[in-house]
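Trainee: One structure, pasted below without further comment.
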């Protein structure tokens, strides 16, 4: 009986994750190839994808793995990149309320894609909601791990000219930026982000500007909170 | 590998810790369902935009204007992505094609 319920939840969840399957396979392969081009074997890639499960942070982390060892900087950068998750959590407080022992994993696996599916989808009648959400989370997590393993293997087997492949990261953020820009009428937070970072880049130089930028962004967003909060930020 | 295995593992743990903090924090802070810690809600709304903007600048931090090779591939690829994304609105297509254009430019043109 219980097994049947699980099967039904898995069957209901799978179709919703197909777009993520394509996306994570592609981005995961690119991540694996990039890691292997920096000398990291497939098991490092798999470990990072399994434990961290946050694409943009992992891509950025390649730059930490290839420069001076600085764990605090890596932590701060991850917090900043993933600050958007705070918003996801706040939006899903109610939906995740009665998920019992599955809850820690559901929260652990709450990546952008899982968030967007869970937010916009309800399980069909007769399907247990918490297991439905669980399978969406688990499937997305598996696609990411398998995609990056595939990339790691490809990167170690075939050698091709990967010069410029790092740009996949820039492209990813530019596309996220464009998506946010279109979805949002109030562009001030985005403009504050750009101006603070460019300002700090000029003042502090390329290797030291991120922490000052984060501080400047937080200060300006806090000081102008009344101003910014007035305008509809969706 | 630039870092040692131990250092790499520590960096991966830091990433995991940072991700876990941002994912669990709202559920820990608001487990009594007081939704109105308005400062956190406000940051949750505005920070995503500011931090993605910062990441774009971060990715382009090595760009400079001393010679066209140091800025033209980035500029062309980003303009291409903006146009393609505006036209097709397909994230993976824009990322894939934009990266391909950039790789072509740095490997063969500049």
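The values are calculated or read from the model by the stated rules, or taken from the named source; none is laboratory data. A quick note: this is a predicted structure, and the numbers were derived from the prediction, not measured. Positions of Cβ are generated from backbone atoms using ideal geometry, with glycine treated the same way; all protein chains shown enter the neighbour counts.
Trainee: Which condition breaks for residue A:32 when tested against (1) at pLDDT 90 or above; (2) surrounded by fewer than 24 Cβ atoms within 10 Å (Cβ to Cβ); (3) part of a helix (DSSP H, G or I); (4) in contact with a helix residue (DSSP H, G or I) (Cβ under 8 Å, 6 or more places away or on another chain)?
Mentor: (2)
Trainee: If you don't mind, there's one more thing I want to ask. Among the numbered conditions (1) within 23 Å of residue A:169 (Cβ to Cβ); (2) more than 7 Å from chain B (Cβ to nearest Cβ); (3) touching a residue at least 24 places away in the same chain (Cβ under 8 Å), tell me where residue A:72 comes up short.
Mentor: With respect to (1) within 23 Å of residue A:169 (Cβ to Cβ); (2) more than 7 Å from chain B (Cβ to nearest Cβ); (3) touching a residue at least 24 places away in the same chain (Cβ under 8 Å), residue A:72 is out only on (3).
Trainee: What's the number of the only condition in (1) within 20 Å of the chain's Cα centre (by Cα); (2) closer than 30 Å to residue A:100 by Cα that residue A:178 fails to meet?
Mentor: Condition (2) is where residue A:178 drops out.
Trainee: Mind telling me which of the residues A:215, A:171, A:190 ends up being more than 11 Å from every other protein chain (Cβ to nearest Cβ) and within 20 Å of residue B:49 (Cα to Cα)?
Mentor: Going through A:215, A:171, A:190 in turn, just one is more than 11 Å from every other protein chain (Cβ to nearest Cβ) and within 20 Å of residue B:49 (Cα to Cα): A:215.
Trainee: Considering only segment B:49-63, I want to know if a residue exists there that is at the interface with chain A (Cβ under 7 Å from one of its Cβ atoms), surrounded by fewer than 17 Cβ atoms within 10 Å (Cβ to Cβ) and out of contact with any strand residue (DSSP E or B) (no Cβ under 8 Å at 6 or more places or on another chain).
Mentor: Yes, that holds for at least one residue.
Trainee: Could you figure out which of (1) within 30 Å of residue A:157 (Cα to Cα); (2) touching a helix residue (DSSP H, G or I) at 6+ places or on another chain (Cβ under 8 Å); (3) more than 7 Å from chain B (Cβ to nearest Cβ) isn't true of residue A:95?
Mentor: With (1) within 30 Å of residue A:157 (Cα to Cα); (2) touching a helix residue (DSSP H, G or I) at 6+ places or on another chain (Cβ under 8 Å); (3) more than 7 Å from chain B (Cβ to nearest Cβ) applied to residue A:95, the lone miss is (1).
Per-residue answers, yes or no, for (1) modelled with pLDDT of 95 or more; (2) surrounded by fewer than 23 Cβ atoms within 10 Å (Cβ to Cβ); (3) more than 19 Å from the chain's Cα centre (by Cα):
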| residue | (1), (2), (3) |
| --- | --- |
| A:78 | no, no, no |
| A:85 | no, no, no |
| A:90 | no, yes, no |
| A:100 | no, yes, yes |
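Trainee: Identify all residues within segment A:118-129 that are crowded, with 19+ Cβ neighbours inside 10 Å and either under 15 Å from the mean Cα position of the chain (by Cα) or closer than 15 Å to residue A:94 by Cβ (or both); write none if there are none.
Mentor: Residue satisfying the conditions is A:118 alone.
Listed here are the residues, each with its yes/no results for (1) touching a helix residue (DSSP H, G or I) at 6+ places or on another chain (Cβ under 7 Å); (2) under 22 Å from residue A:87 (Cα atoms).
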| residue | (1), (2) |
| --- | --- |
| A:148 | yes, no |
| A:153 | yes, no |
| A:157 | no, no |
| A:162 | yes, no |
| A:189 | yes, yes |
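Trainee: Taking residue A:50, is it surrounded by 24 or more Cβ atoms within 10 Å (Cβ to Cβ) and either more than 7 Å from chain B (Cβ to nearest Cβ) or modelled with pLDDT of 95 or more (or both)?
Mentor: No, not satisfied.
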